[in-house]
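The values are calculated or read from the model by the stated rules, or taken from the named source; none is laboratory data. Predicted model only: the values in this text are computed from it and were never measured. Methodologically, a virtual Cβ is constructed for each residue, glycine included, from the backbone with ideal geometry; neighbour enumeration extends over all protein chains shown. Only protein heavy atoms, including side chains, enter the accessible area calculation; ligands, DNA and RNA are left aside. Shrake-Rupley method; radii C 1.70, N 1.55, O 1.52, S 1.80 Å.
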Amino acid sequence: MIAARLTIKELTEAVGGNCTPRMVRHYHQLGILPPPERSRSNYRLYTQENVQQLRRIVALKQQGFQLSHIRELLKSDAASEVKNLTHQLQQQYHSVMQQMARLRQTATALEGLLGRDRSCQTLQAEAIAQLRLLEVESQDGLGQLEQLWENWDAATHAHPEEFQESLQQLLPDLSNRSEIEVDLLSKLVLACGDVSLVNFIRVGKGAIAAARHALTQSCQIVGDVAPVIVACDRTRLSHLGCTVTTLIADPHVSSVVEAEQAFWHQSQWQEQLQQLPAGCIFMVGYAPSVLIAACDAIAKGNFQPALIIGMPIGFSHAPAAKRRLMRSGIPYITVEGTMGGGLLAAVALNTLVESTIEKPDCHCYLRESVGAG
């Protein structure tokens, strides 16, 4: 039986990802896609194999690969070709990092102007006026710029920083987000000092409501390592009746490397994950393998948390673990890609807790044990 052939329009519809017939024709011209079959009327015809080829191209392009590298990647089989392509990709990566560093410097300068609070706004207007007159192409001009920054910085001694006023100038339009979610995004930005983080934070559907409900039911709070738990708002959690515990209950584990190795090589922590109670809030701020194992347990029906705050650190396992989390069906808060950390995970939890209960004026949690951590 001859497999059905697809037209170029049907091909792009099958692939999705905003792929268009024009893009397909361009890929043919570049040699990324092989020449298609032709009908008697000279229309392009495609097979399911072409669908898979185009999906790979679209996926690689969405990850930021250049088309020239995609072409080499798809045709590379020999070890020498793979090594050569790896070298090319490393060069592209370093080039991208240099561009990001330059953009980060520009963003920092803009933040220094736009992020001024009300007390500094008069100074801000004066600064912008001076910048318009400044020539920075010469060494003398650069010296003048340094002097301007010193003058502007002097204003910081006059008053404490008003973070919310600065954020109002810097954050993108968040009018379509709930008040709690805006507060969450703002606090995560303040925790790392990087406004671009907003573009990578992902809050699953119903995650905030699920977390708030679990907190009112005195759910258990579990962190992957002790440093994550240390940053949690223990006063509010104590008044909510929430117990706080650590999965990898080893006081010697204090870094992401140690956490990853401990969980991978010591089965007791893997077994303990399987025994975590349903309805808990699970925070992963260090070890990506912990989040991967949690997703495995969820898929097998052995783990049913109310919320996972998945913010492990890493360059290969962490992004993969976060993608699995977003497909798990469990309410989640995560940061796409390599960014994350225990502080961000704790800040996310603290924001949800703060939205649930006012902070009591006491330190009653000091009388309680830390739990397994």
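Kindly indicate the residue of region 189-209 that is under 13 Å from the mean Cα position of the chain (by Cα) and open to solvent by 20 Å² or more (accessible area, probe 1.4 Å) and also nearest to Leu170 (Cα to Cα) among those meeting that condition. Top of the filtered list is Val195.
Residues are listed down the side, and each one gets a yes or a no for (1) open to solvent by less than 50 Å² (accessible area, probe 1.4 Å); (2) more than 30 Å from Met97 (Cα to Cα):
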{"residue": "Glu10", "(1), (2)": "no, yes"}
{"residue": "Leu33", "(1), (2)": "yes, no"}
{"residue": "Pro36", "(1), (2)": "yes, yes"}
{"residue": "Leu54", "(1), (2)": "yes, no"}
{"residue": "Ala59", "(1), (2)": "yes, no"}
{"residue": "Phe65", "(1), (2)": "no, no"}
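Evaluation of Ser289 against the conditions (1) open to solvent by 30 Å² or more (accessible area, probe 1.4 Å); (2) over 24 Å from Ala214 (Cβ atoms) shows that the sole unmet condition is (1).
Run down Pro251, Pro227 and say which single residue is in a helix (DSSP H, G or I) and either buried (at least 19 other Cβ atoms within 10 Å of the Cβ) or more than 25 Å from the chain's Cα centre (by Cα) (or both). Working first, answer last.
Details: Pro251 fails: in a helix (DSSP H, G or I).
Result of the check over Pro251, Pro227: Pro227.
Per-residue answers, yes or no, for (1) under 21 Å from Ser328 (Cα atoms); (2) assigned to a helix (DSSP H, G or I):
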{"residue": "Glu165", "(1), (2)": "no, yes"}
{"residue": "Gln169", "(1), (2)": "no, yes"}
{"residue": "Leu174", "(1), (2)": "no, no"}
{"residue": "Asp183", "(1), (2)": "no, yes"}
{"residue": "Ala191", "(1), (2)": "no, yes"}
{"residue": "Ala209", "(1), (2)": "yes, yes"}
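Here Leu142 passes the criteria (1) at pLDDT 80 or above; (2) farther than 28 Å from Thr338 by Cβ; (3) surrounded by fewer than 16 Cβ atoms within 10 Å (Cβ to Cβ) except the one numbered (1). In region 310-340, the residue that is surrounded by the fewest Cβ atoms within 10 Å (Cβ to Cβ) out of those that are closer than 19 Å to Leu185 by Cα, of a type in the set (Gly, Ala, Ser) and free of Cβ contacts under 8 Å to residues at least 60 places away in the same chain is Gly340. Among residues of region 12-31 being open to solvent by less than 50 Å² (accessible area, probe 1.4 Å) and either hydrophobic (A, V, I, L, M, F, W, C) or touching a Gly at 6+ places or on another chain (Cβ under 9 Å) (or both), the one that is nearest to Ile70 (Cα to Cα) is Val24.
Conditions (1) more than 28 Å from the chain's Cα centre (by Cα); (2) more than 27 Å from Glu336 (Cα to Cα); (3) of a type in the set (A, V, I, L, M), marked per residue:
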{"residue": "Ile8", "(1), (2), (3)": "yes, yes, yes"}
{"residue": "Leu11", "(1), (2), (3)": "yes, yes, yes"}
{"residue": "Gly31", "(1), (2), (3)": "yes, yes, no"}
{"residue": "Leu89", "(1), (2), (3)": "no, no, yes"}
{"residue": "Ser95", "(1), (2), (3)": "no, no, no"}
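Based on what the data block shows, is Leu85 in a helix (DSSP H, G or I), at pLDDT below 80 and surrounded by 15 or more Cβ atoms within 10 Å (Cβ to Cβ)? Taking the combined requirement at face value, the residue satisfies it. Taken together, the residues in region 150-163 that are charged (D, E, K, R) and either modelled with pLDDT of 80 or more or in a helix (DSSP H, G or I) (or both) amount to 2.
Can you confirm whether Ile357 is of a type in the set (Val, Ile, Thr), modelled with pLDDT under 95, closer than 20 Å to Arg212 by Cβ and surrounded by fewer than 23 Cβ atoms within 10 Å (Cβ to Cβ)? For Ile357, the condition - of a type in the set (Val, Ile, Thr), modelled with pLDDT under 95, closer than 20 Å to Arg212 by Cβ and surrounded by fewer than 23 Cβ atoms within 10 Å (Cβ to Cβ) - is met.
Listed here are the residues, each with its yes/no results for (1) closer than 30 Å to Asp194 by Cβ; (2) at pLDDT below 85.
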position	(1), (2)
Leu11	no, no
Pro35	no, no
Leu73	no, yes
Ala79	no, yes
Leu110	yes, yes
